[in-house]
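The values are calculated or read from the model by the stated rules, or taken from the named source; none is laboratory data. What you see is a predicted model; the values in this text were computed from it and never measured. Note that we place each Cβ from the backbone using ideal geometry, even for glycine, and neighbour counts take in every protein chain shown.
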C-alpha cells in the first residue's frame, strides 16, 4: 500500500498539495486535524480533557468548545504538552486502524495530511514523505488573506508546526511560492518521478 505523508508549516499548502494528489489518483486525503476533531466527541477523551482543563471547555450542548479549549491550551507550553499527550496517541491509533481497514478493503493508496506528521511519529506509518515549504512572508499573507486571521495571531502560528527534519534524505520537498496552477504542475512532475 502506498502511504504518502504530507507535512509543512502553516500556510505552506499542505492541504492543497494533498487535495491535488488525491485528485490525481494518489489516494484519499486523510486530514489528521479532522481525526482530532472527531475524537473530541469521544466520551472517554472528553472526560480526560475535562479533568485536565476544567468543565468550562464543555458547551451548552455537551460538546467540547474548541475555542475555549484552544485558549486554555495555547496559554502555556505545559498545557500544549498535556493536550498532545492526551490526543496524539489516540489520533495515531485511529489513523493506524483506518489504514488497516482501508488495506482490508483493497484500497492501495492513502494520503496522511498532518501539520505534526513528524512530531506525532506518523511518518513511521508512511512509505513516501512530502514536505511542502513556502516563503514565511508568503505564508503570513495567505493566513491573513485566506484564513482571515489577524496578523498578530498569524505570526504566532507561522512556525508552530513541524519543521523540515534534518538529515532526512527520504523526504520529497515541494516548493510552493507561486499560484495553485504552478503548484499543480510541480506536483505532477514530482509525482511522476517519485511516487
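Only one of the numbered conditions (1) touching a helix residue (DSSP H, G or I) at 6+ places or on another chain (Cβ under 8 Å); (2) farther than 29 Å from residue 77 by Cβ; (3) in contact (Cβ under 8 Å) with a residue 60 or more places away in the chain; (4) assigned to a loop (DSSP other than H, G, I, E, B) is not met by residue 177, and that is (3).
Quick check, is residue 2 surrounded by 13 or more Cβ atoms within 10 Å (Cβ to Cβ), at pLDDT 95 or above and either closer than 21 Å to residue 110 by Cα or under 19 Å from the mean Cα position of the chain (by Cα) (or both)? Yes; evaluated as a whole, the condition is true for this residue.
Within the stretch 95-124, the residues that satisfy the criterion of being part of a helix (DSSP H, G or I) and either more than 18 Å from the chain's Cα centre (by Cα) or surrounded by 17 or more Cβ atoms within 10 Å (Cβ to Cβ) (or both) are 95, 99, 100, 101, 102, 103, 104, 122, 123. Of the residues 18, 12, the single one that is in the same structural domain as residue 186 (by TED's automatic domain parsing) and farther than 18 Å from residue 122 by Cα is 12. Those helices (runs of 4 or more DSSP H) of the stretch 13-57 in which at least 2 residues are under 16 Å from residue 84 (Cα atoms), considering only elements entirely within it, cover 32-39, 43-53. When the criteria are applied in full, residue 75 fails the requirement of being assigned to a loop (DSSP other than H, G, I, E, B), without any contact (Cβ under 8 Å) to a residue 24 or more places away in the chain and either closer than 24 Å to residue 165 by Cβ or in the same structural domain as residue 176 (by TED's automatic domain parsing) (or both). Determine the pairs where a residue that is outside the structural domain of residue 77 (by TED's automatic domain parsing) and farther than 27 Å from residue 129 by Cβ, located within the stretch 146-165, has a partner that is in a loop (DSSP other than H, G, I, E, B) and at pLDDT 70 or above with Cβ atoms under 6 Å apart, the partner being 6 or more residues away or on another chain. Cβ pairs passing all conditions: none.
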